[in-house]
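Read the figures in this text as sums done on the coordinates, not as results from a lab. Just so we're clear, the structure is a prediction, and the values are computed from it rather than from any experiment. Here Cβ is always computed from backbone atoms with ideal geometry, including for glycine, and neighbour counts include all displayed protein chains.
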Amino acid sequence: MSLLDAYPLQHYLLVSAALFALGIFTLVARKNAVAMLMGVELILNSANLNFVAFSRYTVGNFSGHLFAIFVILLAAAEAAVALGIVIGIFQNYGDVDADALDGLKG
Amino acid sequence: MLESVVWPWLILLLPLAAFVTHTLCGAMKWKLPHKGDWLSTGAIGAGAVLSTFLFADMVSRGEPNFRQTWSVDWLSILWKGDDGQLHTRFALPMGFLVDNITVIMLVVVTWVSTLVHVFSMGYMHDDPRYGRFFSYLSIFSFSMIWLVLSDNLFGLMIGWELVGLSSYLLIGFWFEKPAAAAACKKAFITNRVGDLGMLIGILMLLSMTLRPILDDTSLPIEQKNPLSYENVFRVVSAGSYEVKSGDVFPISFLTVAGIFLFFGAVGKSAQFPLHVWLPDAMEGPTPVSALIHAATMVAAGVYMVTRCYRLFTPDALLFIAYTGGFTAIFAATIAVTANDIKKVLAYSTVSQLGFMVLGLGCWGYSAGFFHLWTHAFFKALLFLGSGAVIHALHSQDMREMGGLRHKLPITFVCMLIATCAISGFPPLSGFWSKDQILGAVLTFAMEHPQHALLPIFGFCGAALTAFYMFRLIFLTFCGKPRDPHKYEHAHPDQWDVITAPLAVLAILTLFSAGGTLSGERWFGDFVNEEQVLGPREEAPGGGERHRWHVQRTVLFPSGALVEEAQPLDDQNPLVALHAEGREEARKEHEHTEHKAHTWAMVLSVCVAVGGALVSYFTYMVPFFSPQVWATRLLWLYDGMVNKWWIDELYDRWVIQPLLLLNDFLKSFDEDWVDGFVNMTAQFTVHFSDYSGWVDNTYVDGLVNGTADTIVSSARAMRSIQTGNIKQYLAAAVIGLTVVVVLYNVIL
């Protein structure tokens with residue numbers, strides 16, 4: 001039996017949603033900027049999972065996969081840029097605590 | 001000579017030229033040699049010579065009704081008639097009238113003025129404003145000659161006011177003295193009161209004379225002047241009294257007009273109750289008193305009454321007679337107690353002017369004017385003599401004089417002549433004129449016994465005149481010096497510019513009435529009412545003058561000539577009766593007149609001698625003691641010394657009420673008018689305050705409120721901008737969740 005039959009789409013979507021929720025939680029709950037980046041990675045990957053799952057269950061071709069590969073690529077680039085920013089922040093503030101970074105407070 | 005207009009012109013314009021030259025030189029800071037006294041004196045002296053020639057010509061002609069007029073067009077009111085032509089509605093030409101009255105006045109004015117000019121050269125010699133004094137004298141002479149020469153009432157009024165102005169300038173000549181400054185104001189204002197009456201009188205006459213002139217296009221231009229004496233007399237004479245348009249002025253209108261006209265004379269000739277200015281005017285230099293307040297200006301009122309004699313109805317003349325009579329005795333009583341030598345003369349002048357007016361009022365046309373003529377010379381002499389005394393002694397108080405006849409013999413003799421004249425001793429000039437007046441008054445009283453008070457006024461006044469004038473002579477020149485120090489330092493008389501005019505005036509005083517016992521005749525012939533002005537009965541209301549019983553009882557039962565307006569032609573059977581009655585009345589009148597004049601002559605000599613004798617026994621021989629009599633007749637003495645409280649009465653009843661009114665008007669102005677203006681201002685201020693408050697509170701409030709709302713809402717909003725990325729994220733997630741949930745709920 002194929003994978004398609006063993007697990008319906010909802011399972012993937014639930015996993016994806018859980019991943020997204022975890023990512024959001026990480027972003028909101030964690031003070032550390034690096035940890036928050038990790039949350040972002042989780043969100044991106046939950047999206048990837050959605051892409052792949054929808055592509056497989058509803059369309060039937062690999063266009064969703066292609067999007068996932070692009071997203072992974074972009075996530076790598078994004079991680080590089082974001083880590084650079086984090087390093088910059090650290091160099092400026094001596095810390096990577098996101099709560100302390102309220103220079104834009106009104 | 002009388003036919004030529006050149007001489008009146010010269011007499012008029014020479015003093016004006018002197019005045020203009022003085023003024024120009026003053027303005028240009030050119031110095032005239034001797035400060036120009038010769039200029040003014042020469043101008044008026046030439047006038048005196050010319051006037052004398054005119055006078056001699058007039059007398060030698062023996063034509064008392066000679067008249068010559070010249071006029072130039074000065075103001076014409078034109079209008080376009082129905083025929084498209086311009087017509088003169090009426091005109092006010094300015095012109096000269098030369099007749100016997102004019103010539104006599106010219107002689108008086110120019111001669112007295114000349115002598116006063118000469119006297120001033122000595123008297124005013126040390127005055128710092130010597131030149132200005134002569135220029136004032138010149139403008140005065142010009143004004144007075146203008147007044148005399150004018151041929152119409154309007155010109156007379158102009159001269160009248162000019163004379164008032166020059167009098168003001170001369171009285172206030174020593175304006176540093178507060179008394180002089182006050183006196184010139186008083187003279188001017190008092191005269192204004194009289195002049196207002198005169199103006200009303202002239203306007204009333206104008207209202208009568210203008211109507212028939214306006215609409216008549218056939219009249220020549222000379223008769224278009226509503227105010228020329230000729231036209232006024234013509235219109236008010238009985239025949240043309242009823243004016244063409246059908247309006248009839250009642251004779252009482254003319255009476256009132258005459259009384260108003262006479263008010264001018266009351267002011268100018270210092271009659272009661274406007275006499276108050278003249279005694280105060282003695283603050284001016286003494287030559288001024290002699291010129292203006294004795295001989296010329298104060299005579300202007302008498303001249304005016306003489307000139308306009310035919311305008312005065314019998315009722316108006318009665319008013320004039322009582323005014324004059326009362327003034328004559330009233331002023332004489334005040335003169336009795338005055339101690340200032342000039343004050344005595346001032347009240348004497350008022351009294352003598354009263355005599356003139358009394359004479360005129362009692363139909364003594366030539367008598368009143370004759371007294372003007374003689375009085376001018378002896379009163380000018382008395383004033384100049386008092387000036388000489390003051391100049392010698394530097395005092396005006398008779399209590400500091402006495403015995404001066406040794407120091408001032410020339411002055412003494414001259415003043416004694418003048419005193420005898422004014423007291424009425426025959427055969428001096430004053431006797432003739434006063435006798436004429438008293439005769440006229442007595443005639444009047446004999447014909448109208450209800451007016452017996454008038455001769456009593458007259459004779460008592462004459463007695464008092466003799467008394468106070470001899471008192472002046474005795475106190476000043478006789479007895480022992482009461483102030484030996486002043487006496488020692490008095491400058492003795494010598495023949496100079498001060499005494500020479502006195503001598504000339506003394507000669508004039510002796511001979512101006514003719515110099516012989518029948519001397520008064522020539523004047524009476526020369527200024528004869530009936531010859532000059534026409535028969536009396538043709539004058540308005542003239543019927544009443546001679547008490548023509550027939551006319552009164554038969555022709556005009558009411559005695560009013562005009563109001564009845566009955567036809568008086570030859571067809572009227574009453575006219576013959578009227579003429580008969582007239583003849584009868586005339587005879588009766590002449591008889592009364594003759595009797596009255598005889599009695600008047602005897603009585604006037606008696607009262608004059610009596611007055612002088614009482615004076616002698618009071619002040620020379622201590623038979624009556626003035627002190628004892630003053631205490632015995634305390635009420636009388638009190639009144640005399642206090643000038644019958646006239647000044648106080650004026651102060652109490654005229655000046656103070658005026659000041660009260662003034663205060664009231666001032667407070668009205670300040671409280672009400674200013675109050676209203678201030679209230680308007682206050683209202684504007686309050687309204688502005690309110691409007692500003694609305695602006696600040698509501699308009700600005702709206703603007704500021706908007707701004708504040710924005711600021712406060714922005715302040716509220718900025719707390720959302722925490723700058724914390726995690727909160728933003730959380731908000732975004734929550735927001736997204738809400739949107740999704742709502743989306744699902746709604747759809």
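Data table
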item: Aspartates and glutamates with Cα under 14 Å of A:K31, excluding same-chain neighbours fewer than 8 positions away; result: A:D95, A:D97, A:D99, A:D102
item: Loop-resident sites, segment B:113-195, for trypsin sites (Lys or Arg not before Pro), counting at most 14 other Cβ within 10 Å (DSSP); result: B:R129
item: Residue exposure sequence - A:L9, B:L162, A:L37 - by fewest surrounding Cβ within 10 Å; result: A:L9, B:L162, A:L37
item: Charge tally in the Cβ shell below 13 Å around B:V641, where Lys, Arg are +1 and Asp, Glu are -1, B:V641 excluded; result: -2
item: Prolate/oblate/rounded label for the protein assembly as shown (Cα gyration tensor, a/c 1.5); result: prolate
item: Qualifying aspartates and glutamates (Cα of each under 14 Å from Cα of B:K666; at least 8 residues distant if same chain); result: B:D674
item: Additional length obtainable on full extension of the chain from B:L219 to B:S625, 0.36 nm per residue less Cα span; result: 139.2 nm
item: Gyration tensor verdict on segment A:2-96 (Cα atoms; rounded if a/c is under 1.5, prolate if a/b is larger than b/c, oblate otherwise); result: oblate
item: Estimated FRET transfer efficiency (B:Y130, B:L203; beta-carbon r; R0 35 Å; 0.05); result: 0.25
item: FRET efficiency for A:I87 and A:A29, using Cβ-Cβ distance with R0 set to 30 Å, rounded to 0.05; result: 0.85
item: Relative contact order of segment A:2-96, pairs being alpha-carbon contacts under 8 Å that are 6 or more residues apart, as %; result: 25
item: Stretch gain in nm, segment B:Y690-B:E176, where the contour uses 0.36 nm per residue and the Cα spacing is subtracted; result: 179.2 nm
item: Per principal axis, descending, Cα span of segment B:54-175 in whole Å; result: 69, 41, 16
item: Straight-distance crosslink candidates among lysines, where the alpha carbon sits under 21 Å from B:K587 and sequence neighbours closer than 8 are dropped; result: B:K595
item: Ascending count of other beta-carbon atoms within 10 Å, so fewest first, for B:H371, B:H87; result: B:H87, B:H371
item: Residue order, fewest to most surrounding Cβ atoms within 10 angstrom, among B:D83, B:D195, B:D216; result: B:D83, B:D216, B:D195
item: Segment B:338-394: C-alpha gyration tensor shape, a/c 1.5 cut-off, then a/b vs b/c; result: oblate
item: Members of B:K186/B:K379; B:K35/B:K643; B:K268/B:K342; B:K31/B:K379; B:K177/B:K268; B:K29/B:K177 lying beyond 29 Å, as alpha-carbon distances in this model show; result: B:K35/B:K643; B:K31/B:K379
item: Per-selection Kirkwood Rh - chain B (Cα, Å, 1 d.p.); result: 29.5
item: Neighbour count of at most 16 Cβ within 10 Å plus DSSP loop: longest GluC sites (Glu not before Pro)-free window in chain B; result: B:177-562
item: Residues B:Y728 and A:M38, FRET efficiency given R0 of 22 Å [Cβ-Cβ distance, rounded to 0.05]; result: 0.75
item: Segment A:A21-A:A79, extension gain: residue separation times 0.36 nm, minus the distance between their alpha carbons; result: 18.9 nm
item: Spacing of the two label points (7 Å from each Cα toward its C-beta) at B:R586 and B:R192, in nm; result: 5.0
item: For segment B:68-210, size of Cβ-based charge dipole, Lys and Arg +1, Asp and Glu -1, in debye; result: 460
